[in-house]
Amino acid sequence: MHRPHPAAMTGTRRPLIAANWKMNSLRGDALARIAAIIGCARASAPARGEVVICPPATLIWTLREALQGSGIMLGAQDCHAKPSGAHTGDIAAPMLAEAGCRYVILGHSERRAAYAESNATVRAKAEAAHAAGLDAIICVGESEAERKAGRAIEVVMRQSVESVPESATPSNTVVAYEPIWAIGSGQTPTTAEIGDAHAAVRQALGRRHADADGIRILYGGSVKAGNAKPILALALVGGALVGGASLDAQEFWAIVESCP
Ligand code: PEP
């Protein structure tokens, strides 16, 4: 069943650094990367943040074994809203939980765009994740056109209200603010813009969740070793969702070590 989040148990809120490997890696290079990440972890002081790796679904069982005893958690990149059924090619939340996942990324902008996932779909998936005992990492973020039109705050607030279900608590939900134009582009918002967007997400969550202040909000979009520190130092930033840079063990661990 669902385990209380360590942060909820201690009253502290450790940052979360989540690696989104997307559709990258076969078994051999995945195992080599995990060995390198564990090597970095052993060579450093204990991580101030929590770390979760979200590989492609085919690698979940392999990584479960490889991560054993490392303290690094395992996650997935999507799940279906139903616990079972005639949904060819999909994976249900209980399957991910059985395979050893603690987290599941939901509503990533690449899925919202490629599979027309609406806020309602993301919300239903998050409910399914919670029912299976998984922690949901729910992604929100504006497009470049929306930011240019001055609508970034309105868009992320609406996505936050509509994508985060009633079942969300600080121990089962993390929201990731990921401006679409920053993903994989090398561009990042200013720290002031990140702060404003995170405040908007927090405000939106506060409309429907009494304990909204405890829900961690990650920043995602071209986070690298070189820019992680000032982003992770922002008061409302509870960690990072890292795509491209998570495929390089040393770069990824440098981001983990940038946690305040
Ligand atoms: C992502 O896709 O979740 C992401 C943050 O990607 P990148 O770090 O490569 O911008």
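Okay, helix-only estimate at 222 nm for the chain: each DSSP H run of n ≥ 4 adds -39500 (n - 2.57), divide by all residues, round to 500 deg cm²/dmol; what do you get? Taking each H run of at least 4 residues, the total per residue is -11500 deg cm²/dmol. Modelled label positions at residue 210 and residue 191, each set 7 Å beyond Cα in the direction of Cβ, lie 3.6 nm from each other. The trypsin sites (Lys or Arg not before Pro) of the range 21-66 that DSSP puts in a loop, and whose beta carbon has at most 15 other beta carbons within 10 Å, are 48.
The alpha carbon radius of gyration of the range 109-234, expressed as a multiple of 2.2 N^0.38 Å, is 1.01.
Name the residue farthest towards the positive end of the dipole of the range 160-260 from the options 239, 163, 192, assuming +1 on Cβ of Lys and Arg, -1 on Cβ of Asp and Glu, about the Cα centre. Checked the options; the winner is 192.
In the range 59-116, one over the average inverse separation of all distinct C-alpha pairs is 12.5 Å, which is the Kirkwood hydrodynamic radius.
The residues packed around residue 254, meaning those with a beta-carbon under 10 Å from its beta-carbon, carry a net charge of -1 if Lys and Arg are +1 and Asp and Glu are -1. Extension gain for residue 143-residue 65 works out to 24.3 nm (0.36 nm per residue, less the C-alpha to C-alpha distance). Remark on the range 18-86: ratio of C-alpha radius of gyration to 2.2 N^0.38 Å is 1.21. Taking a sphere under 13 Å around the Cβ of residue 166 and counting the other residues whose Cβ falls inside, with K and R at +1 and D and E at -1, yields a net charge of 0. Ordering 167-175, 242-250 by mean Cβ neighbour count within 10 Å, with the highest value first, yields 167-175, 242-250. Within the range 103-162, none of the trypsin sites (Lys or Arg not before Pro) combine a DSSP coil assignment with at most 13 other C-beta atoms in a 10 angstrom radius. Scaled to the globular estimate 2.2 N^0.38 Å, the Cα spread of the range 93-155, given as radius of gyration, is 1.30.
If you average 1/r across every pair of different Cα atoms in the chain and take the reciprocal, what Kirkwood value do you get, in Å? Averaging 1/r across every pair of different Cα atoms and inverting gives 18.1 Å. For residue 22, the shell of other residues with beta-carbons less than 13 Å away shows a net charge of -2, using +1 for Lys and Arg and -1 for Asp and Glu.
None of the figures in this text is laboratory data; all of them are computed from the coordinates on show. All figures in this text were calculated on a predicted structure; none of them were measured in a lab. As a convention, Cβ positions derive from the backbone with ideal geometry for all residues, glycine included, and neighbour counts pool all protein chains shown.
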